[in-house]
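The values are calculated or read from the model by the stated rules, or taken from the named source; none is laboratory data. Computed from a prediction, not measured in an experiment: that's the story for all the values here. Every residue, glycine among them, receives a Cβ derived from its backbone with ideal geometry; neighbour counts consider all protein chains shown. Please note that ligands, DNA and RNA were not included when accessible areas were found on the heavy atoms of the full protein model with its side chains. Shrake-Rupley method; radii C 1.70, N 1.55, O 1.52, S 1.80 Å.
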Amino acid sequence: MKKLIDLYLKLFHFWLRFPEKIRFLLVGGYNTVISYALYTLFVWLTAGSEPQQALFLSYIISSINSFLTQKFYVFNTRGNYGKEYISCLLSWGVSYLFDALLLKGFLGLGLNPYFAQFLALALVTINNYVLLKYVAFQNHKKSGP
């Protein structure tokens, strides 16, 4: 077990050498895949009739995974779990509204709900980085591995 922990710590040190924006892109990509997979599942379960509800549910369910991966693997902050999680939820609330408006607009253009959300995610990702960096994880002490 100690060897496994040592390996993890070495990999974590290596990971933290990457610039924050690269880490965000990789972790954000992972989180986006999880969120989009949940969205597509919910759209499929409703036979495409409830894309806005699918979007809402995907945001709610994926928030915990996203918070933990952003906290530890992107911004690498220490403590402040409650405050940062609330800040994340507020940031994601803004992102959700932006995403919901984009989704509505793309659906209004006649796009299917899967492709409409795929396009919306590309624009929302940039918004998420700015909100998470400057609102949710601002001015917190960086932690070591």
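Of the residues examined, Q53 is not one that is of a type outside the set (K, R), in a loop (DSSP other than H, G, I, E, B) and open to solvent by 60 Å² or more (accessible area, probe 1.4 Å).
Suppose the filter is in a loop (DSSP other than H, G, I, E, B), open to solvent by 30 Å² or more (accessible area, probe 1.4 Å), of a type in the set (A, V, I, L, M, F, W, C) and modelled with pLDDT under 95; does A47 pass it? Considered against the rule, which asks whether it is in a loop (DSSP other than H, G, I, E, B), open to solvent by 30 Å² or more (accessible area, probe 1.4 Å), of a type in the set (A, V, I, L, M, F, W, C) and modelled with pLDDT under 95, A47 comes out as yes. For the stretch 90-118, the set of residues classified as assigned to a helix (DSSP H, G or I) and open to solvent by 60 Å² or more (accessible area, probe 1.4 Å) consists of L90, V94, L97, F98, L101, K104, G108, Y114, F115, F118, listed by residue number. Condition check for I64 on (1) in contact with a strand residue (DSSP E or B) (Cβ under 6 Å, 6 or more places away or on another chain); (2) surrounded by fewer than 16 Cβ atoms within 10 Å (Cβ to Cβ): one failure, at (1). Among the residues examined, K83 qualifies as open to solvent by 80 Å² or more (accessible area, probe 1.4 Å), within 16 Å of Y134 (Cα to Cα) and basic (K, R).
State which residue is farthest from G28 (Cα to Cα) when the search covers only the stretch 97-135 and only residues that are modelled with pLDDT under 85 and among the hydrophobic types (A, V, I, L, M, F, W, C). I'd like the intermediate steps shown before the answer.
Initially, the stretch 97-135 is screened for residues modelled with pLDDT under 85, giving 122, 125-135.
From the residues that got through so far, the ones that are among the hydrophobic types (A, V, I, L, M, F, W, C) too are 122, 126, 130-132, 135.
Working: A122: 11, I126: 10, V130: 12, L131: 13, L132: 11, V135: 16 Å.
The qualifying residue farthest from G28 (Cα to Cα) is V135.
In the stretch 80-96, the residues that are over 17 Å from N31 (Cα atoms) reach residues that are among the charged types (D, E, K, R) and at pLDDT below 85 with C-beta atoms within less than 9 angstrom, at least six apart or across chains, in these pairs: N80/K141. Kindly evaluate L38 against the criterion of being out of contact with any His (no Cβ under 8 Å at 6 or more places or on another chain) and open to solvent by less than 60 Å² (accessible area, probe 1.4 Å). Considered against the rule, which asks whether it is out of contact with any His (no Cβ under 8 Å at 6 or more places or on another chain) and open to solvent by less than 60 Å² (accessible area, probe 1.4 Å), L38 comes out as yes. Checking L103, L121 one by one, the residue that is within 30 Å of F18 (Cβ to Cβ) and either in contact (Cβ under 8 Å) with a residue 40 or more places away in the chain or touching a strand residue (DSSP E or B) at 6+ places or on another chain (Cβ under 8 Å) (or both) is L121 and no other.
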